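The values are calculated or read from the model by the stated rules, or taken from the named source; none is laboratory data. This structure is a prediction, so every number in the text was calculated from the model and none was measured. Please note: Cβ atoms are built from the backbone with ideal geometry, for glycine as well, and neighbour counts cover all protein chains shown.
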Amino acid sequence: MPDAVKYILDANVLIEAKRRYYAFDLCPGFWDCLLYHNRMGNLESIDHVGKELSEGDDLDAWKKQSPGFFAPTESAAISTAYRDINQWVQSQERFSNFEKSRFADDVDAWVIAYAKANNVTVVTHEVSAPKSTKVKIPDVCDHFDVKHTNTFDMLRKLGVVFSWEAS
């Protein structure tokens, strides 16, 4: 039985999958799985992530065929969470000024804000690094009590299995 948790995908989940282990020509089932679970209400990404994806490649074509996959972020709750997240990051002395600036211009804060406002779990390839001068999604999530996981654990919790049979 699939997990009842709802997931929000960070851009790196889609980009890394396309570039490496779930390339469209290698594992089309991964992409079909994402759309299936999106239709079931289990996962999505956000409009800011959709805008960040490259144009003119397989992922762009998939994105254009999946407009409902990228949820809008125009709500007061998301905007408030986004502001709070950025204010907290900017107040942290451990993060370098460059990293603070990068984070302010990146979609990561929007992903976390959406998750916080909608009580969903962030899916990312980033891992916690509490002493790093770089802003890491899991560390920000932990501060704001937002759940996070990686792609493989999400797939396991959703009951996804990719199989192969010789023809």
Inset, instruction - Please go through the range 120-144 and pick out each residue that is within 15 Å of Ile85 (Cβ to Cβ) and out of contact with any helix residue (DSSP H, G or I) (no Cβ under 8 Å at 6 or more places or on another chain). - result: Lys136, Pro138, Asp139, Asp142
Inset, instruction - Using the structure shown, decide if Tyr82 is within 19 Å of Tyr7 (Cα to Cα) and either buried (at least 17 other Cβ atoms within 10 Å of the Cβ) or touching a strand residue (DSSP E or B) at 6+ places or on another chain (Cβ under 9 Å) (or both). - result: yes
Inset, instruction - Check whether at least one residue in the range 107-116 is in a helix (DSSP H, G or I), of a type in the set (A, V, I, L, M), surrounded by 17 or more Cβ atoms within 10 Å (Cβ to Cβ) and at pLDDT below 95, and report yes or no. - result: no
Legend entry - Every pair of residues 6+ apart whose Cβ atoms lie under 9 Å, when the first sits in the range 47-60 and is on the phi < 0 side of the Ramachandran plot and of a type in the set (S, T, N, Q) while the second is in a helix (DSSP H, G or I) and surrounded by 15 or more Cβ atoms within 10 Å (Cβ to Cβ): Ser54/Ile15; Ser54/Lys18
Inset, instruction - Determine if the range 145-159 includes at least one residue that is free of Cβ contacts under 8 Å to residues at least 24 places away in the same chain and surrounded by 18 or more Cβ atoms within 10 Å (Cβ to Cβ). - result: no
Legend entry - All positions within the range 23-68 that are among the basic types (Lys, Arg) and touching a Leu at 6+ places or on another chain (Cβ under 8 Å): Lys63
Inset, instruction - Output the residues belonging to the range 117-144 that are charged (D, E, K, R), surrounded by fewer than 19 Cβ atoms within 10 Å (Cβ to Cβ) and part of a helix (DSSP H, G or I). - result: Asp142
Inset, instruction - Output the helices (runs of 4 or more DSSP H) that fall wholly within the range 6-84 and possess 1 or more residues being among the polar types (S, T, N, Q) and touching a helix residue (DSSP H, G or I) at 6+ places or on another chain (Cβ under 6 Å), or say none. - result: 28-39
Inset, instruction - Evaluate the following for Ala71: is it surrounded by 13 or more Cβ atoms within 10 Å (Cβ to Cβ) and either among the small types (Gly, Ala, Ser) or in contact with a Gly (Cβ under 7 Å, 6 or more places away or on another chain) (or both)? - result: yes
